[in-house]
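Reviewing the structure listed below.
The values are calculated or read from the model by the stated rules, or taken from the named source; none is laboratory data. Since the model is a prediction, treat every value here as computed from it, not as a measurement. Please note: Cβ atoms are built from the backbone with ideal geometry, for glycine as well, and neighbour counts cover all protein chains shown. Areas reflect the complete protein model, heavy atoms only, side chains present, ligands, DNA and RNA absent. Shrake-Rupley method; radii C 1.70, N 1.55, O 1.52, S 1.80 Å.
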Amino acid sequence: MFEDIAPTKKIGFLKPLGVIDNAAYEFYRLAPRGVMAVMIPIGLGEFSAKDVARVFAPLDQYLDELKGRGCDIVIQSGTPLPILIGMEAHDRMMKHMTARTGLPATSTVNAVVNAARDLGVKKIVQVNKWTDAMNATLADFYARAGIHTVGVSTKSIAPKAFTKLGTAEHMTLAYELGRQAFLEFPACDGLYMGGGAWIAEPVAKRLEEEFGRPVICNTAAMVREACKTVGAWEARKGFSRVMAVG
């Protein structure tokens with residue numbers, strides 16, 4: 001009776017922050033009709049490997065809950081977590097998530113790297129609110145996909161402080177950092193705007209219109225990656241290039 005309303009695909013997310021607001025709002029702006037997000041907040045409090053270990057201690061419980069809700073794919077959401085623990089630990093986690101659930105597993109960092117590759121980006125600049133050490137590790141993830149990081153535009157802000165910013169304030173910060181990055185590193189052929197806690201996709205679209213180069217943000221990349229994996233992808237015009245390119 002309600003086949004036209006019921007979700008056709010479910011994407012399971014392990015979200016880094018304790019409260020989910022902007023990520024859910026942006027997901028449903030971008031996802032195709034019939035695709036549902038199933039989100040578990042894990043409550044990262046600070047940018048440290050110790051805190052990552054704390055929030056992932058109940059990983060198997062989280063995965064069992066997502067599988068129990070009928071998810072078609074599971075995603076470790078949030079770039080800071082893998083870049084705090086490194087590529088080897090990240091890769092082990094991806095294998096474990098698949099083994100535990102029997103489902104495809106991916107991560108934000110995989111999604112953004114794959115989106116950059118699909119859009120033909122070879123020289124990327126990073127825009128985010130993370131530390132220099134975190135950005136150095138992120139550059140390693142890009143490097144193994146043949147993408148060279150040519151610069152960073154950042155304003156380091158702890159998760160608890162960032163969540164206190166208003167929507168207009170964090171979107172303005174994203175735009176200012178992105179514009180600064182394009183002006184400071186003109187050799188780049190693409191930009192990654194890290195951070196899923198801000199509403200980034202409209203900012204990405206604005207910067208693409210201004211500078212004529214692709215801007216990749218977390219939620220758009222994850223929607224693209226997950227929907228392609230589960231057979232629900234459809235390119236959508238009127239959004240940033242990650243969403244508009246097939």
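Points to keep in mind about this one:
- Cα-derived Rg to Rh of the chain, Kirkwood definition: 0.94
- For region 109-246: rounded, prolate or oblate by the Cα gyration tensor [a/c cutoff 1.5]: rounded
- Sites Arg117 and Ala57, calculated FRET efficiency, Cβ-Cβ separation with R0 35 Å, nearest 0.05: 0.60
- The trypsin sites (Lys or Arg not before Pro) of region 180-246 that DSSP puts in a loop, and whose beta carbon has at most 12 other beta carbons within 10 Å, are Lys237.
- Maximal additional length on extending the Glu169-Asp189 stretch stands at 4.5 nm, based on 0.36 nm per residue less the C-alpha distance.
- Gained length - Glu65 relative to Glu209, 0.36 nm times residue gap less alpha-carbon distance: 47.7 nm
- Estimated purely from DSSP H runs of n ≥ 4, each contributing -39500 (n - 2.57), the mean residue ellipticity at 222 nm for the chain is -14500 deg cm²/dmol once divided by its residues.
- Anisotropy class of region 36-168 from Cα gyration tensor, a/c 1.5 cut: oblate
- Solvent exposure, largest accessible area first (probe 1.4 Å, DNA, RNA and ligands not counted), of Lys129, Lys9: Lys9, Lys129
- Dipole magnitude of region 112-246 about its Cα centre (Cβ charges: Lys, Arg +1; Asp, Glu -1), debye to nearest 20: 160 debye
- To the nearest 10, the accessible area of Met222 is 10 Å² with a 1.4 Å probe.
- Of the accessible area of region 5-48, computed with a 1.4 Å probe over protein heavy atoms only, carbon and sulfur atoms account for 57 percent.
- When the square roots of the Cα gyration tensor eigenvalues are ordered a ≥ b ≥ c, the ratio a/c for region 82-133 is 1.5 or more and a/b does not exceed b/c, which makes its shape oblate.
- With loop membership from DSSP and a limit of 12 other Cβ atoms within 10 Å, the longest segment of the chain without GluC sites (Glu not before Pro) is 4-233.
- Spin-label model, Ala133/Ala49: points 7 Å from Cα along the beta carbon direction are separated by 0.8 nm.
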